[in-house]
Structure formats: structure tokens, C-alpha cells
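Asks: Handing you this structure, nothing more for now.
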Amino acid sequence: MVSGMHRARGFTLIELLTVVMIAVILAAIGVPSFTRLMAGQRVKAAASNLQQALLVTRSEALKRNADVAVLPKGGGQWSAGWTVVNPSSGAVLNTYPPAPSLTISGPASITYASSGRISPGTESTFKIVGAATSDLRCVTINLTGMPSVRSSGC
């Protein structure tokens, strides 16, 4: 005897709503962690960009046998970006993008002499802090003029 009832294939509305609710709950749990991760990555990227700018500045000073400086853009705010400049000619050698939602504190500028060192007694530490995270990076220039990045101990 053959039955006239066929079993339908696919998902029921209740099964579909259950899967959607599980996806919404998982997304609600994951979004705050992702936001903190992105904020921490912005801090790390800004510290890396600043370190790279300082290395380029030191290299240009050695190559040109002249003073070369790193200056903040935007009225002296490091978070507005920075430029590598030849102070004697005023030529911009390189520019770096802004670091929004970050607080970057440090000296007014850094000038490397032709020896690849900065002036003695010059403040040589930058502190980078994110607004949405507790991540902190310090970019410090040692006596030989080489910058390094640390995650604590500013």
C-alpha cells in the first residue's frame, strides 16, 4: 500500500529562526572582542609607522650628510600624521598618514644630525595610546639614534 503523504525536503520556519538566533548571539559576543582587536592593531600600526619614519630619517641624514627632521603635521599634533623633511631646503622627503582615535605624545620634532644621532638631551620617547583600548606602545630612540618599540615601560 502506497501512502499519499510525501515528506517535504528543506527547513522549517522554526529551524531557520533557531539558526538565525544562534548566529545573532554569536555575533553579539564576538563584536566587542573584534573592536578591541582592531583598536589594538591601530596602536601597533602607528608605532610601527613612527619607528619606520625615524629609521628613514636617520638613513636620509647619513646618506645626505646633513640634518633631517621628522615633524608632526596638523599644527604640531602627531596624531595628524608626520613628515620627513630636509630642514635646510624645506624639501619633504616622505609623509605618513594620520592616526585617528589615537593619542600620540612626544617631542615637538626629532632632528637627526649627519652622524645619525639626535641632539644630546633631546626628549626621545613617543607614547601612543588608543582611545578605545588600554593598549600602549612606546617608541624610544637610543643613544646611537636607533628607534625601538616597546609595549610597556614608557
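Asks: Assess whether Ala46 counts as being among the hydrophobic types (A, V, I, L, M, F, W, C), in contact (Cβ under 8 Å) with a residue 40 or more places away in the chain and over 22 Å from Ser119 (Cβ atoms).
Replies: In short, yes.
Asks: Would you mention how many residues in region 49-75 are touching a Pro at 6+ places or on another chain (Cβ under 6 Å) and within 15 Å of Phe126 (Cβ to Cβ)?
Replies: 3
Asks: With respect to Gly75, is the statement that it is on the phi > 0 side of the Ramachandran plot and modelled with pLDDT of 90 or more true?
Replies: No.
Asks: So which residues in region 22-57 are among the aliphatic types (A, V, I, L, M), under 30 Å from Ile141 (Cβ atoms) and modelled with pLDDT under 90?
Replies: Scanning region 22-57 gives Leu37, Met38, Ala39.
Asks: Continuing with the same structure: So Ala8 ticks every box in (1) under 30 Å from Ser114 (Cβ atoms); (2) assigned to a loop (DSSP other than H, G, I, E, B); (3) among the small types (Gly, Ala, Ser) but one. Which box is left unticked?
Replies: (1)
Asks: Give the residues of region 76-107 that are within 22 Å of Glu60 (Cβ to Cβ) and of a type in the set (Ser, Thr, Tyr), sorted by residue number.
Replies: Matches in region 76-107: Thr83, Ser88, Ser89, Thr95, Tyr96.
Asks: Has region 12-30 got any residue that is more than 17 Å from Phe126 (Cβ to Cβ), outside any helix (DSSP H, G or I) and in contact with a Phe, Trp or Tyr (Cβ under 6 Å, 6 or more places away or on another chain)?
Replies: Scanning region 12-30, I find no residue that is more than 17 Å from Phe126 (Cβ to Cβ), outside any helix (DSSP H, G or I) and in contact with a Phe, Trp or Tyr (Cβ under 6 Å, 6 or more places away or on another chain), so the answer is no.
Asks: Would you point out the residue of region 60-74, among those that are touching a residue at least 12 places away in the same chain (Cβ under 8 Å) and part of a helix (DSSP H, G or I), that is farthest from Thr140 (Cα to Cα)?
Replies: Once the filter is applied, the top-ranked residue is Arg64.
Asks: Within the group Thr83, Thr95, which residue is within 21 Å of Gln41 (Cα to Cα), assigned to a strand (DSSP E or B), hydroxyl-bearing (Ser, Thr, Tyr) and free of Cβ contacts under 8 Å to residues at least 24 places away in the same chain?
Replies: That would be Thr95, the only listed residue that is within 21 Å of Gln41 (Cα to Cα), assigned to a strand (DSSP E or B), hydroxyl-bearing (Ser, Thr, Tyr) and free of Cβ contacts under 8 Å to residues at least 24 places away in the same chain.
Asks: Every residue in region 103-135 that is buried (at least 18 other Cβ atoms within 10 Å of the Cβ) and either under 14 Å from Leu50 (Cα atoms) or not charged (D, E, K, R) (or both), please.
Replies: Once the filter is applied, which keeps residues that are buried (at least 18 other Cβ atoms within 10 Å of the Cβ) and either under 14 Å from Leu50 (Cα atoms) or not charged (D, E, K, R) (or both), region 103-135 yields Ile104, Gly106, Ile110, Tyr112, Ile118, Ser124, Phe126, Ile128, Gly130, Thr133.
Asks: Right, next: Where the second residue is in a loop (DSSP other than H, G, I, E, B) and of a type in the set (Val, Ile, Thr) and the first is within 19 Å of Thr83 (Cβ to Cβ) and lies in region 102-131, which pairs have Cβ atoms under 9 Å and are six or more apart or on separate chains?
Replies: These pairs meet every condition: Pro107/Thr122; Ile110/Thr122; Thr111/Thr122.
The values are calculated or read from the model by the stated rules, or taken from the named source; none is laboratory data. Just so we're clear, the structure is a prediction, and the values are computed from it rather than from any experiment. Neighbour counts run over all protein chains shown; Cβ positions are idealised from the backbone, glycine included.
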